[in-house]
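S.K.: Dropping a structure here in structure tokens format, bear with me for questions.
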């Protein structure tokens with residue numbers, strides 16, 4: 001079985017390769033919000049840059065506003081990150097600010113998940129994606145996420161970011177091809193036949209994905 005997802009262009013190729021080994025078809029595109037997107041689940045990956053407190057808080061807010069289901073996974077442990085922060089901000093002990101950041105993220109609904117390496121990061125993210133969309137009821141107070149019928153609203157936002165492609169046209173693309181992967185494989189002629197596209201917009205789509 002193949003699962004289609006989107007990864008940001010800045011992401012580590014080793015993680016992309018691990019995802020492909022698991023069974024994901026990964027489309028690599030610039031993402032304004034999140035580093036990985038699967039259906040209506042967004043994941044932001046952090047490592048040593050977790051010590052940039054204001055940036056992390058901003059990313060968490062953006063993630064929660066764009067995705068109904070959002071996760072922040074950090075590729076390092078908290079003790080090591082506090083030491084890195086103390087070395088970077090030599091004039092101040094960063095222990096309490098770092099602990100405060102973790103608490104703020106948790107209260108804000110995006111608690112960080114700490115992992116020790118890329119393999120654990122990839123494995124945890126995969127398990128989150130699968131459990132988030134399996135439709136199972138895991139008890140009172142825990143809502144299993146339901147699979148998206150065709151595609152997430154985020155896919156539409158990505159497609160409507162192309163020059164000359166409105167949200168309406170992006171929705172027509174999704175209605176016609178169902179997935180980002182299918183759009184990538186479609187011919188310019190097939191896209192051209194969709195209402196409102198024509199030769200120029202079809203060429204825009206093909207250029208964007210290649």
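The values are calculated or read from the model by the stated rules, or taken from the named source; none is laboratory data. In this text, all values refer to a predicted model and were calculated from it rather than measured experimentally. When we count neighbours, we look across all protein chains shown, and the Cβ atoms used for this are built from the backbone with ideal geometry, even at glycine.
S.K.: Between 16, 6, which is free of Cβ contacts under 8 Å to residues at least 24 places away in the same chain and surrounded by 15 or more Cβ atoms within 10 Å (Cβ to Cβ)?
M.R.: After ruling out the rest, the residue left standing is 16.
S.K.: Sticking with this structure for a sec: For the list (1) within 14 Å of the chain's Cα centre (by Cα); (2) surrounded by 15 or more Cβ atoms within 10 Å (Cβ to Cβ); (3) modelled with pLDDT under 95, I need the number of the one condition that residue 94 fails.
M.R.: Looking at each condition in turn, residue 94 falls short on (1).
S.K.: May I pose another question? What residue, among those in segment 20-32 that are in contact (Cβ under 8 Å) with a residue 40 or more places away in the chain and touching a helix residue (DSSP H, G or I) at 6+ places or on another chain (Cβ under 6 Å), is surrounded by the most Cβ atoms within 10 Å (Cβ to Cβ)?
M.R.: Of everything passing the filter in segment 20-32, 27 is surrounded by the most Cβ atoms within 10 Å (Cβ to Cβ).
S.K.: Which of the residues belonging to segment 171-193 are free of Cβ contacts under 8 Å to residues at least 24 places away in the same chain and farther than 19 Å from residue 28 by Cβ?
M.R.: Result: 171, 176, 187, 188, 189, 190, 191, 192, 193.
S.K.: May I pose another question? I'm checking my understanding of the structure. Among residues of segment 97-133 that are over 30 Å from residue 23 (Cα atoms) and in contact (Cβ under 8 Å) with a residue 24 or more places away in the chain, which one is surrounded by the fewest Cβ atoms within 10 Å (Cβ to Cβ)?
M.R.: Residue satisfying both the conditions and the ranking: 108.
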